[in-house]
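Chemist: Can you keep this structure in mind? I'll have questions shortly.
None of the figures in this text is laboratory data; all of them are computed from the coordinates on show. Since this is a predicted model, take the numbers as computed values, not measurements. Don't worry about glycine lacking a Cβ; one is built from the backbone with ideal geometry, like all the others, and counts go over all protein chains shown.
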Amino acid sequence: MLKRRTFTGMVAAAAMGLAGGLFTAAAPAHAETAIKFTLDWKFEGPAAGFLLALDKGYFKAEGLDVTIDSGNGSVEAIPRVATGAYQLGFGDINSVIQFLDKDPSQKVKAVMMVYERPTFAVVGRKSLGITTDPKSLEGKKLGAPPPDGAFAQWKAFKQVAGIDDSKITIESIGFPVREPMLAKGDVDAVFGFSFSVVLNLKKQGIKDEDISTILMAEHGLNLYGNSVLVNTDFAEKNPEAVKGFLKALAKGFADAVADPKAGAEAVLKRNETLNAGVEEERLKMAIAQNIKTPYVVENGFGGVDPARLAASLETLKISMGLKGNVTADRVFDASYLPPKAERMLP
């Protein structure tokens, strides 16, 4: 009788152990993985997709403990990720290409395209002689923050747009004074992301009818924009975490596109000094101009056309003086993206 009880107990214990093993195997490999994520800029409307993924528990559902911090520019996010200070981030893919061209051993790559069309723009005032024609910049004074992604493309843009810059003056200015200087007329136009400059100008009291926006993508500059970046060491050790992060992010951006008002509210939770209407408008501009483009509607959010990306490297040889040390497949890795069906925007 004792032997039978002992055997029964052993079977029960074994069954419990097996069940425990099955439970462990079924649990996500990246459970409780901590991820620090850096934005390119402040908590503003276009960051809604990231914040909704956090607030709605999409990251948590993938077993991720995500922290999102604001940034200081789409270029400065790159070294944050490359050094491992942040596991993932949001930055300008063209600047990533330049970064890797200088040193291919840097530990960063892009894994999801967010701005399928770049936000790069030169924004000016009609009352100062700036129209939507790039040639109206000739003979003017332009304000340029040195770390700005749009200004980084000036060499290529002036060539494809046929701009004679012999009489153009470029003044180096900081981000905080960019729109105030344009509002005061200290400069005739400024470089920047279209949705940021335009709405910040309006906050400075400049009327819609006095604002001229020259979108570089509409005047021959066929580049990509900001993408999700990952530290390559982290990605190699935690591939499922990266896949889970992008899956959650695709849901977050789908929600932002479906309900920009809710997206703006997620932003205001991080900065109550913002105006809800302004941030909703900023998000809608980003969706229309950069996120939900015709290519994305057809092919899904987050991917790239490899041929177009490869061609962009040739353009960047002009604007950024690339040496040809990096290829498109080193810059962008689509293997972590969820299936196309999970990346379609509403």
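Chemist: Which cross-chain or sequence-distant (5 or more) residues have an amide H under 5 Å from the amide H of I168, H modelled 1.01 Å from N in plane?
Modeler: Here the answer is G139, since their amide H atoms fall under 5 Å of that of I168.
Chemist: Roughly speaking, what is the centre-to-centre gap between region 48-98 and region 175-229 when only Cα atoms are used, to the nearest Å?
Modeler: 23
Chemist: Arranged from highest to lowest average of other beta-carbon atoms within 10 Å per residue, in what order do the peptides 43-50, 204-211 appear?
Modeler: Working: 43-50: 26.4, 204-211: 12.6.
Result, highest mean first: 43-50, 204-211.
Chemist: In nm, what is the difference between 0.36 nm times the number of residues separating D165 and T327 and their Cα-Cα distance? Don't jump to the answer; show the numbers that get you there.
Modeler: On the way: separation 162, 0.36 × 162 = 58.32 nm, distance 3.08 nm.
Stretched out fully, the D165 to T327 stretch lengthens by 55.2 nm.
Chemist: Another question about this same structure. Can you tell me the relative contact order of the chain? Whole percent, Cα pairs under 8 Å, sequence separation 6 or more.
Modeler: Details: 687 pairs, mean separation 91.3, N = 346.
Relative contact order, the chain: 26 percent.
Chemist: Between S335 and D186, what length comes free when the chain is fully extended (0.36 nm per residue of separation minus the Cα-Cα distance, one decimal in nm)? Please report the intermediate quantities before stating the final value.
Modeler: Details: separation 149, 0.36 × 149 = 53.64 nm, distance 4.74 nm.
Result: 48.9 nm gained on full extension.
Chemist: Then there's this: For each pair in K56/K292; K36/K60; K135/K158, compute the distance between the two Cα atoms and list the pairs where it is over 19 Å. Please list the in-between numbers first.
Modeler: Values: K56/K292 21 Å; K36/K60 14 Å; K135/K158 9 Å.
Cα-Cα > 19 Å for K56/K292; rest within.
Chemist: Where in region 278-311 does the label zone of K261 land, with the point 7 angstrom along Cα→C-beta and an amide N cut-off under 17 Å?
Modeler: Of the residues in region 278-311, 278-285 have backbone N under 17 Å from the label point off K261.
Chemist: What is the packing order of peptides 248-257, 308-317, taking the mean over residues of other C-beta atoms within 10 Å and listing the highest first?
Modeler: Values: 248-257: 23.7, 308-317: 17.4.
So the peptides 248-257, 308-317, ranked by packing, come out 248-257, 308-317.
Chemist: Next question, about the same structure. Just from its helices, what would the mean residue ellipticity at 222 nm be for the chain, if runs of 4 or more DSSP H residues each count -39500 (n - 2.57) and the sum is divided by every residue, rounded to the nearest 500 deg cm²/dmol? The partial results should precede the final answer.
Modeler: Values: 15 runs with 150 residues, N = 346.
Taking each H run of at least 4 residues, the total per residue is -12500 deg cm²/dmol.
Chemist: Which FRET efficiency, nearest 0.05, do S172 and D208 yield, Cβ-Cβ r, R0 35 Å?
Modeler: Values: r = 28 Å, r/R0 = 0.81.
Efficiency for this residue pair is about 0.80.
Chemist: Here's something else I'd like to know. Enumerate the whole-percent occupancy of each 20 Å bin, from 0 to the last occupied one, for all C-alpha pair distances of the chain.
Modeler: 30, 52, 12, 5, 1, 0
Chemist: Oh, and also: Rounded to the nearest 20 debye, what is the charge dipole size of region 120-219 about its Cα centre when +1 sits on each Lys and Arg Cβ and -1 on each Asp and Glu Cβ?
Modeler: On the way: 13 positive and 13 negative charges, 28 e Å.
Charge dipole, region 120-219, about its Cα centre: 140 debye, nearest 20.
Chemist: Let me ask something else. Between T132 and K155, what is 0.36 nm times their sequence separation minus the Cα-Cα distance? Round to one decimal in nm.
Modeler: Values: separation 23, 0.36 × 23 = 8.28 nm, distance 1.87 nm.
6.4 nm is the gain from fully extending T132 to K155.
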